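What follows is a short report on a single structure.
The values are calculated or read from the model by the stated rules, or taken from the named source; none is laboratory data. Keep in mind it's a predicted model, so treat the numbers as computed, not measured. Cβ placement follows ideal geometry from the backbone for every residue including glycine, while neighbour counts extend to all protein chains displayed.
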């Protein structure tokens with residue numbers, strides 16, 4: 001990973017033209033770093049290639065490589081669990097993890113989704129009957145989901161629950177602080193419901209946006225160490241359940257990925 005910093009000397013210029021002069025990237029490559037939120041203008045994340053830059057402005061660019069490699073964590077006659085890498089959709093795309101698994105011969109269907117940037121345990125069904133059985137487990141809250149997350153700021157409470165509806169539906173998360181630093185906190189999150197962006201919305205509600213969040217985190221990011229984070233720091237570490245077909249208790253664990261580990265070392 002590289003973090004580059006430039007000061008604008010001549011202008012005004014469009015951000016696109018400035019980046020073309022400074023980076024060894026094609027137009028598609030520049031669009032990619034902008035789309036991923038890896039460009040900052042005067043310490044604020046910027047996505048618009050047509051934005052204007054002026055003499056004295058500071059432009060920073062994060063360059064990182066993310067592949068499509070996944071790790072099989074568990075498999076049986078009914079289920080496949082893999083560790084999803086960041087920046088890969090779970091399903092509903094020809095470039096998704098589900099599509100990749102089917103290309104590799106697994107013939108599976110995603111049971112639940114992780115956000116594109118979120119890494120960790122993802123479950124896939126081998127057949128419609130399995131899919132329906134696990135959807136029922138999720139519906140009945142019979143699947144335990146544990147996430148690791150890094151939030152901005154020093155969270156004061158050691159253990160707390162956020163009960164705040166999302167899109168009019170009940171949403172509950174229990175957070176436990178694992179480590180604190182001046183600018184960030186490392187937490188464990190247990191989801192009692194499974195709403196879209198639940199962890200990000202609940203931590204934002206408490207005043208501690210997820211480190212690397214590009215959707216809900218607005219404004220300047222003054223700490224350079226936080227600007228160097230390439231994605232939202234959320235990892236689905238553990239999923240456990242009573243297997244609906246074998247009756248066995250199953251616990252599936254995904255180790256923290258390298259980018260998460262490096263962010264922990266940088267911040268703590």
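Only one entry of 188, 98 meets the criterion of being on the phi < 0 side of the Ramachandran plot, outside any strand (DSSP E or B) and free of Cβ contacts under 8 Å to residues at least 60 places away in the same chain, and that entry is 98.
Could you say whether any residue in the stretch 251-263 is in a loop (DSSP other than H, G, I, E, B) and within 13 Å of the chain's Cα centre (by Cα)? Yes, there is a match, as at least one residue in the stretch 251-263 is in a loop (DSSP other than H, G, I, E, B) and within 13 Å of the chain's Cα centre (by Cα). For the residues 28, 32, 68, the requirement of being assigned to a loop (DSSP other than H, G, I, E, B) and surrounded by fewer than 17 Cβ atoms within 10 Å (Cβ to Cβ) singles out 68. Within the stretch 77-86, the set of residues being within 11 Å of residue 124 (Cα to Cα) and part of a loop (DSSP other than H, G, I, E, B) comprises 78 only. Give the stretch 35-65 a look and list any residue that's touching a helix residue (DSSP H, G or I) at 6+ places or on another chain (Cβ under 6 Å) and not in a strand (DSSP E or B), or say none. If the condition is that a residue be touching a helix residue (DSSP H, G or I) at 6+ places or on another chain (Cβ under 6 Å) and not in a strand (DSSP E or B), then 47, 49, 51 are the ones that fit. Scanning the stretch 4-25 for residues that are touching a residue at least 40 places away in the same chain (Cβ under 8 Å), surrounded by fewer than 16 Cβ atoms within 10 Å (Cβ to Cβ) and farther than 13 Å from residue 54 by Cβ gives 4, 5.
Note on the stretch 163-185: residues that are surrounded by 15 or more Cβ atoms within 10 Å (Cβ to Cβ), more than 25 Å from residue 263 (Cα to Cα) and either in contact with a strand residue (DSSP E or B) (Cβ under 8 Å, 6 or more places away or on another chain) or in contact (Cβ under 8 Å) with a residue 60 or more places away in the chain (or both) amount to 2. For residue 127, the conditions (1) under 22 Å from residue 242 (Cβ atoms); (2) out of contact with any helix residue (DSSP H, G or I) (no Cβ under 6 Å at 6 or more places or on another chain); (3) crowded, with 21+ Cβ neighbours inside 10 Å all hold with the exception of (3).
When the criteria are applied in full, residue 125 meets the requirement of being over 19 Å from the mean Cα position of the chain (by Cα) and in the same structural domain as residue 212 (by TED's automatic domain parsing).
Pairs meeting the criteria (first residue in the stretch 132-152 and surrounded by fewer than 21 Cβ atoms within 10 Å (Cβ to Cβ), second residue in a helix (DSSP H, G or I), beta carbons under 7 Å, at least 6 apart or on different chains) are 143/137. Residues that are in contact with a strand residue (DSSP E or B) (Cβ under 6 Å, 6 or more places away or on another chain), assigned to a strand (DSSP E or B) and not assigned by TED's automatic domain parsing to the domain that holds residue 227 are absent from the stretch 14-24 altogether.
Scanning the stretch 194-216 turns up no residue that is in contact with a strand residue (DSSP E or B) (Cβ under 7 Å, 6 or more places away or on another chain), in a strand (DSSP E or B) and surrounded by fewer than 20 Cβ atoms within 10 Å (Cβ to Cβ).
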